[in-house]
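Notes for the one structure printed next.
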Amino acid sequence: MSSNQTDYIVIGSGIAGLRAAIGLAEAGAEVTVLTKDRISESNTEYAQGGIAVALSDDDEVALHFHDTIAAGAELCDEAAVKVLVEEGPKYITELIDWGTQFDREGNRLVFTKEAAHSRNRILHAQGDSTGREIVRSLLAVARRSKQIHMLAHAITLDLLLKDGEAVGVRFIDQQQRKLIYARAVILATGGGGQLYSHTTNPDVATGDGIAMAYHAGAAIYDMEFVQFHPTALCIPDAPRFLISEAVRGEGGYLLNRAGKRFMQKYDPRGELAPRDIVSRAIVSEMSESASNVVYLDMTHLPSKFLRERFPKIFETCLTYGYDITKDYIPVSPAAHYLMGGVRTDLWGRTSVPRLYAAGEVASTGVHGANRLASNSLLEGLVFGARAAQAALSDKLSLPQPRHELSSDEEGLLPKEHIDPEIKHRVKQIMWRYVGICRSAHGLQTAHNELSLLAEQARNTATANFVTVANLITEAALFRTESRGGHYRTDFPEKDNERWRVHTVQKLGREISTAPLQTL
Ligand code: FAD
Ligand code: SIN
C-alpha cells in the first residue's frame, strides 16, 4: 500500500467513529481515522446524562422500542428502531467488557430516568461524565490496535469520487492539503449545533459530513428536525454548558421569573415532557415575563446527593458563582442535536457506493422527528459497529491513487478554516429564523441571506458550513406542519395526511419526500 492509501478511512473520533474503527481493525484491516481537533474532542466527550439501554430488571426491549417511537412523533423508521433497541444490550455489554465503568451500587448497574422514558433506563458514568468515560475506554481499545492510525487536527474537506463512488478524501493536515484513498469511507463527523448562536455543542460540530455527502450526491433526510435542549446554562459571556436532563429526571424543577413552576400548564408530564415541548414552554414563559432565562431549581434535593450525582455540573456552575445546592440556576434552550442527516440503510450504507455513515451525521430513521434522550450514544455505538461490518462484507477493492493536487492547492493554508465573519452571520440567521419557532416569512428571509453568504464563501470549509445551514432552512420551509423538533407558528398542527413522510434533499434535484420504513 502506498503512503496515501489505507483500507478504510473513518472520519471522526466520537463514539460512532471509534466503534467503527475498532470493528474494522478487529477484522485485520488498516484503518486511518481522521479527526478535526484533539482525538478526544467530540460531542461524545461532553455527553452527560447517559446511554439508554433496556438492561434493567424491570425493563424490556419492547418498552424501549415503544418509547423511542412515541418520542419520534410518528416519523421513526420502525425497522431501524428495532435494530437499535434489540442490539443495544449486546453492544453495551461489550463496552462494559472493554472496560467502560458505568456507575454502580455495589455490583449492580444504576439506571436513571430521563424525559419520555417509561422506565429507569439510562446508564451513566462518574455521575454526569458518561461521554468522557466512553471515549476513554474506546480510545484505550483503539490505541492497542496496530491497525488503527489516528490523525488528529486533520480536517476533511470533501470526498474523492471515481465513477460516482467514494474512493477517498481530501483533507488539511498541518495546514497542508492532502489526499488519501481507501476501499471505503465511513463518515462519523457528528452533528451541527455550531450552526446556531446558542448551542451545547463544541466547536467541531459544524455539520461537515452532511455537506461532503450532499456534494458527493448522497440523499440527505429530515434536516428540518433540530433538537433544542431546554436547559443550557445562560450567563452572559459563559459558554452554553449543558445542565443534564437527568437533573429533572432526579426531581429538579423549572421555575419562571416569578419563582413559579410552570410546566404542568403545558404538559401533564411536567418537567419530563419531551424536549421540544419543554423548550417551547420555556420560550413562552421567557417572552411573557420579558426575561431571557428561566431557572432550574434543585435546592429541595439533598446537597450530598447533588454533589455526588452531578459532580461536573456542580463544579462548573460553582465556577460561575452558582451553587446548585443553594441557588436557582439560570437556563434557556440551545441547539443540541440534529435528527436529520445522511440517509443510510440499516447497515450504514449511504446512497453513494463505498460511502457509509454512522452516528449523529447519519439519518438511520431511529429518531424520527424528535430523539428520545440518551438514544444517540446508543445509535453511534450500534450503527458504528454495523457500518464497519457492512464495509467489510461488501468486499471492496482498493482504488489506485489517481488525483494529484493542482499547483494552486499546494502550500500553507491560513489557520482559520471557516471564515469567522460568515460563520458568525450564519449562526445569527439560524438562531433567529430557523430556531425553536419558525415561519414562512422568517425562513424565506434566512434562505435569501444564506444564498448571498454562499456566494461569498471563498473556501470549501466555509461553503460546507453554509450548505448545511441552507439544507436545514430549505427543509424547514418545505414542511408546512409542526412535528417534533420542527415547529412552524404558521402551521402549528401535525398533518399526518400529507406529512407523515421523510424529506429528501439531493444535489441537483428538487426537495421531495419518501415513505417511512415500517416493519
Ligand atoms: P461526535 O461525538 O460529535 O464525533 C464527531 C467527530 O467528527 C469528532 O471527533 C469531530 O472532531 C470529527 N469531525 C467533524 N468534522 C470533521 C471533519 N471535517 N474532518 C475530520 N473530523 C471531523 N447523547 C446521549 O445519548 N446521551 C447523553 O447524555 C448526551 N449528552 C450530550 C451532552 C452534550 C453537551 C452534547 C453536545 C451532546 C449530548 N448527547 C448525548 C448527544 C451525543 O453526545 C451525540 O449525538 C453523539 O456523541 C454523537 O456521536 P458521533 O460519534 O456521531 O459524533
Ligand atoms: C442530557 O444529559 O440532558 C443530554 C442527554 C441527551 O442529549 O441525550
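Taking the charge dipole of the chain about its Cα centre, with +1 at Lys and Arg Cβ atoms and -1 at Asp and Glu Cβ atoms, the residue from His198, Ala385, Gly127 reaching farthest to the positive side is Gly127.
For the chain, the longest principal axis of the alpha carbon atoms and the long axis of helix 375-393 meet at an angle near 20°.
Its residue count N fixes a reference of 2.2 N^0.38 Å for segment 143-247, and the Cα radius of gyration divided by that reference is 1.34.
Using a probe radius of 1.4 angstrom, the carbon and sulfur fraction of the accessible surface of the chain is 49%. Here is the P(r) of segment 354-394: all C-alpha pair distances, binned every 10 Å from 0, give 28, 54, 17, 2 in whole percents. Counting only Cα atoms, the size of segment 1-138 along its three principal axes is 53, 37, 26 Å, in decreasing order.
With a cut-off of 15 Å between beta carbons, the residues surrounding Gly190 carry a summed charge of -3, where Lys and Arg count +1 and Asp and Glu -1. If you take all other residues with their beta carbon under 13 Å from the beta carbon of Trp499, and give Lys and Arg +1 and Asp and Glu -1, the sum is -1. Note on the chain: along the principal axes its Cα atoms extend 65, 56, 47 Å, ordered by decreasing extent. Entry for segment 96-160 at q = 0.13, 0.25 Å⁻¹: log10 I(q)/I(0) = -0.56, -1.09, Debye formula applied to identical alpha-carbon scatterers, no solvent contribution.
Rounding to the nearest 20 debye, state how big the charge dipole of the chain is about its Cα centre with +1 on each Lys and Arg Cβ and -1 on each Asp and Glu Cβ. Write out the running numbers ahead of the final one.
Working: 56 positive and 64 negative charges, 55 e Å.
Computed about the Cα centre, the dipole is about 260 debye.
In segment 250-383, the alpha-carbon atoms span a convex hull of 142 Å³ per residue. One chain, two ends: His66 and Arg144. Fully extended at 0.36 nm per residue, the span grows by 24.2 nm beyond their Cα-Cα distance. Out of every Cα-Cα pair in segment 432-519, what percent are more than 17 Å apart? Tail of P(r) above 17 Å: 53 percent of Cα pairs.
Using the alpha-carbon positions of segment 320-373, Rg (one decimal) and Dmax (whole number) come out as 17.9, 56 Å. Over segment 1-69, accessible surface divided per residue gives 32 Å², non-protein components excluded, 1.4 Å probe. Taking each DSSP H run with n ≥ 4 as -39500 (n - 2.57) and averaging over every residue of the chain yields -10500 deg cm²/dmol at 222 nm.
In segment 78-232, inverting the average of 1/r over every pair of distinct C-alpha atoms gives 19.0 Å as the Kirkwood radius.
Just add up the charged neighbours of Asn370: K/R +1, D/E -1, any other residue whose Cβ is under 9 Å from the Cβ of Asn370.
On the way: positive: Arg275, Arg371, Arg483; negative: Asp276.
Residues close to Asn370 contribute a combined charge of +2.
Using only the C-alpha atoms, the convex hull of segment 233-296 corresponds to 83 Å³ per residue. Taking 21 Å as the limit for the C-alpha separation, the pairs Lys146/Lys178; Lys162/Lys506; Lys113/Lys427; Lys162/Lys395; Lys260/Lys494 exceed it in the case of Lys146/Lys178; Lys113/Lys427; Lys260/Lys494.
The values are calculated or read from the model by the stated rules, or taken from the named source; none is laboratory data. The model shown is predicted, which means the values in this text are computed figures rather than measured ones. Neighbour counts run over all protein chains shown; Cβ positions are idealised from the backbone, glycine included. For the accessible areas, the whole protein counts, side chains as well, though only heavy atoms, and no ligand, DNA or RNA atoms are used. Shrake-Rupley method; radii C 1.70, N 1.55, O 1.52, S 1.80 Å.
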